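Enquirer: So that we are looking at the same thing, I have put the structure below in structure tokens.
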């Protein structure tokens with residue numbers, strides 16, 4: 001059973017449909033017992049970091065998620081804002097503490113004459129580690145779909161799985177043991193995104 005954590009700030013329908021296309025058994029829930037019983041957990045997210053972490057805490061989800069992530073070491077996939085929540089803190093609208101699973105901070109991207117922020121649209125991946133996540137991508141360009149104006153800065157570069165370039169090098173995906181996350185939306189990334197989801201679903205952690 002794959003659980004998508006529903007805390008009111010996720011693009012859940014398209015993610016559910018993508019996982020269903022992969023023949024995954026999916027449950028959307030905010031129930032702590034169902035989260036604890038899941039085989040794998042997906043933490044999605046769209047919106048502001050502070051609103052998201054407060055929603056998780058108000059629903060009493062932080063403890064069960066952290067226990068599953070760091071003690072049980074259950075496979076957890078973060079997507080977009082869900083990935084940023086793995087960080088120690090974010091500077092969005094002032095300092096806000098995250099789940100603290102990954103030694104990293106979330107910072108604003110820098111706009112310039114060449115690039116606009118937020119980054120909205122397709123961009124190419126540069127795979128720098130954990131290539132299993134990107135095995136068998138049908139597009140040679142490895143294009144995936146981004147929508148974000150902040151990005152994760154990893155203090156331990158071995159956590160990086162892929163980067164992309166948008167005026168500067170941006171963390172596109174991370175992988176540390178059972179913790180995997182993407183800044184891009186695999187559920188919106190067509191064939192490439194479906195393959196990435198399949199790779200994660202089939203991975204033995």
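The values are calculated or read from the model by the stated rules, or taken from the named source; none is laboratory data. Since the structure is predicted, the reported quantities are computational estimates derived from the model, not experimental observations. Every residue, glycine as well, gets a Cβ built from its backbone with ideal geometry; the counts of neighbours run over all protein chains shown.
Enquirer: Might you check whether a residue that is farther than 19 Å from residue 147 by Cβ, in contact (Cβ under 8 Å) with a residue 12 or more places away in the chain and surrounded by fewer than 15 Cβ atoms within 10 Å (Cβ to Cβ) occurs anywhere in segment 45-55?
Expert: Scanning segment 45-55, I find no residue that is farther than 19 Å from residue 147 by Cβ, in contact (Cβ under 8 Å) with a residue 12 or more places away in the chain and surrounded by fewer than 15 Cβ atoms within 10 Å (Cβ to Cβ), so the answer is no.
Enquirer: For residues that are under 10 Å from the mean Cα position of the chain (by Cα) and under 12 Å from residue 76 (Cα atoms), tally how many sit in segment 176-205.
Expert: Qualifying residue count, segment 176-205: 4.
Enquirer: Here is a follow-up. Kindly list the number of the only condition in (1) touching a strand residue (DSSP E or B) at 6+ places or on another chain (Cβ under 8 Å); (2) modelled with pLDDT of 95 or more; (3) surrounded by fewer than 22 Cβ atoms within 10 Å (Cβ to Cβ); (4) over 21 Å from residue 154 (Cβ atoms) that fails for residue 5.
Expert: Among (1) touching a strand residue (DSSP E or B) at 6+ places or on another chain (Cβ under 8 Å); (2) modelled with pLDDT of 95 or more; (3) surrounded by fewer than 22 Cβ atoms within 10 Å (Cβ to Cβ); (4) over 21 Å from residue 154 (Cβ atoms), the lone unmet condition for residue 5 is (3).
Enquirer: Give all pairs with beta carbons closer than 7 Å in which a residue from segment 187-205 that is at negative phi and free of Cβ contacts under 8 Å to residues at least 12 places away in the same chain meets a residue that is surrounded by fewer than 18 Cβ atoms within 10 Å (Cβ to Cβ) and in a helix (DSSP H, G or I); count only pairs at least 6 apart in sequence or on separate chains.
Expert: none
Enquirer: Which of (1) part of a loop (DSSP other than H, G, I, E, B); (2) over 24 Å from residue 184 (Cβ atoms); (3) touching a helix residue (DSSP H, G or I) at 6+ places or on another chain (Cβ under 8 Å) does residue 73 not meet, given it meets every other one?
Expert: (3)
Enquirer: Let me ask another. Only residues that are outside any loop (DSSP other than H, G, I, E, B), surrounded by 14 or more Cβ atoms within 10 Å (Cβ to Cβ), in contact with a helix residue (DSSP H, G or I) (Cβ under 9 Å, 6 or more places away or on another chain) and at pLDDT 95 or above: list them for segment 90-126, please.
Expert: Within segment 90-126, 90, 104, 106 meet the criteria.
Enquirer: Within segment 123-140, track down each residue that is within 16 Å of residue 185 (Cα to Cα) and in contact (Cβ under 8 Å) with a residue 60 or more places away in the chain.
Expert: 123, 133, 134, listed by residue number.
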